[in-house]
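Novice: Mind looking over this structure? Questions follow.
The values are calculated or read from the model by the stated rules, or taken from the named source; none is laboratory data. These numbers were taken from a predicted model, which means no experiment stands behind them. Neighbour counts run over all protein chains shown; Cβ positions are idealised from the backbone, glycine included. Protein only, heavy atoms only, side chains kept; ligands, DNA and RNA dropped before computing areas. Shrake-Rupley method; radii C 1.70, N 1.55, O 1.52, S 1.80 Å.
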Amino acid sequence: MNKAGKQYLTRFLSAMGAYVILLIGAVYFVSANRESGLRFLVMLLPAVPIFFAVLAFVNYFQTMDELQKRIQLYALALSVGGTAMIAMTYGLLEVAGAPHLSWVWIFPLIVGLWGIGVAIAAQRFS
């Protein structure tokens, strides 16, 4: 892995670590303080490291060569299309009575499908 890749990985994993810590803390705070006026603000705190994770990727993307950018574009297209398809399909199932799912699952779905897309594209384009 090149220097830019290592730097990206360090920044991304640091942001994700902060996200996990803040999420656990926020959920604990809100569950213990259901009537607190701060509960909305506290639950927004885990979104801050997500911003830095996205920023890390955007900065890394700028350092990529054309093949790597093509792989990422393919993966992101698969991720956006797959997330839209799954979200719309499950939304229709909710109308029919399936249990409601929180929006909090959208980001992990995007990232998971993106990872699958990178694996497919890397094999396809190499």
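Novice: I'd like the residue in region 51-93 that is free of Cβ contacts under 8 Å to residues at least 40 places away in the same chain and among the polar types (S, T, N, Q) and, out of all such residues, is farthest from Y8 (Cα to Cα).
Specialist: T89
Novice: Please find, among Y90, Y60, Y74, the residue that is of a type in the set (F, W, Y) and either more than 17 Å from L113 (Cα to Cα) or not in a helix (DSSP H, G or I) (or both).
Specialist: Of Y90, Y60, Y74, the one residue that is of a type in the set (F, W, Y) and either more than 17 Å from L113 (Cα to Cα) or not in a helix (DSSP H, G or I) (or both) is Y60.
Novice: Out of all the residues in region 1-16, which are polar (S, T, N, Q) and more than 14 Å from F51 (Cα to Cα)?
Specialist: If the condition is that a residue be polar (S, T, N, Q) and more than 14 Å from F51 (Cα to Cα), then N2, Q7, T10 are the ones that fit.
Novice: Are any residues in region 40-50 open to solvent by 70 Å² or more (accessible area, probe 1.4 Å) and either of a type in the set (A, V, I, L, M) or within 27 Å of A122 (Cβ to Cβ) (or both), and if so, which ones?
Specialist: L41, M43, L44, L45, V48
Novice: A follow-up question, please. Of all residues in region 21-54 being in contact with a Leu (Cβ under 9 Å, 6 or more places away or on another chain) and outside any helix (DSSP H, G or I), which is nearest to P108 (Cα to Cα)?
Specialist: Among them, the one singled out is P46.
Novice: Right, next: Looking only at region 55-104, count how many residues are surrounded by fewer than 13 Cβ atoms within 10 Å (Cβ to Cβ) and hydrophobic (A, V, I, L, M, F, W, C).
Specialist: So the count comes out to 12.
Novice: For region 1-28, enumerate the residues that are open to solvent by less than 60 Å² (accessible area, probe 1.4 Å) and not small (G, A, S).
Specialist: Y8, F12, M16, Y19, L23
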